[in-house]
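Comments concern the structure below.
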Amino acid sequence: MIVEADLRSGTMTTARHALTLARPLMAVPGPVTSTQSAGCHQLIQAGRAACVTDTNDILAVISASGAAAREPGAEPAERRPLHP
């Protein structure tokens, strides 16, 4: 997930790397007037990143990517809590 990304930033490099690895990419949109949000807006507009604005959006992306990644009939991955 990227929160701020200028068009020519390390964040955008990381985002492109995630896409080459077929990882789900999420972006939190910022103000359209901010150059620090231009990369996020570009990725969302091109359909390369899912626009997320709350936890429900994030869970939907994660659920969709997890369902697509599993083989048919495979057992789901073990779930671990985020904090012990």
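The values are calculated or read from the model by the stated rules, or taken from the named source; none is laboratory data. A quick note: this is a predicted structure, and the numbers were derived from the prediction, not measured. For neighbour counting, all protein chains shown are included, and Cβ atoms are generated from backbone atoms with ideal geometry for every residue, glycine included.
Of everything in the stretch 11-43 that's assigned to a helix (DSSP H, G or I), of a type in the set (S, T, Y) and without any contact (Cβ under 8 Å) to a residue 12 or more places away in the chain, which residue is farthest from L59 (Cα to Cα)? Full working, then the answer.
The first filter runs over the stretch 11-43 and keeps only residues assigned to a helix (DSSP H, G or I), leaving 11-20, 35-43.
Still in the list and also of a type in the set (S, T, Y): 11, 13-14, 20, 35, 37.
Now narrow it down to the ones that are without any contact (Cβ under 8 Å) to a residue 12 or more places away in the chain: 13, 20.
Numbers: T13: 24, T20: 22 Å.
Among those residues, the one meeting the criterion is T13.
Take P29 and tell me if it is surrounded by 11 or more Cβ atoms within 10 Å (Cβ to Cβ), closer than 22 Å to T13 by Cα and at pLDDT below 90. Can you show your working first?
Working: surrounded by 11 or more Cβ atoms within 10 Å (Cβ to Cβ): yes; closer than 22 Å to T13 by Cα: yes; at pLDDT below 90: yes.
Yes.
Looking at M1, is it modelled with pLDDT under 90, within 11 Å of the chain's Cα centre (by Cα) and surrounded by 12 or more Cβ atoms within 10 Å (Cβ to Cβ)?
On the way: modelled with pLDDT under 90: yes; within 11 Å of the chain's Cα centre (by Cα): yes; surrounded by 12 or more Cβ atoms within 10 Å (Cβ to Cβ): yes.
So M1 fits the description; yes.
A68 passes all but one of (1) modelled with pLDDT of 90 or more; (2) part of a helix (DSSP H, G or I); which number fails?
Evaluating A68 over (1) modelled with pLDDT of 90 or more; (2) part of a helix (DSSP H, G or I) leaves (1) as the failure.
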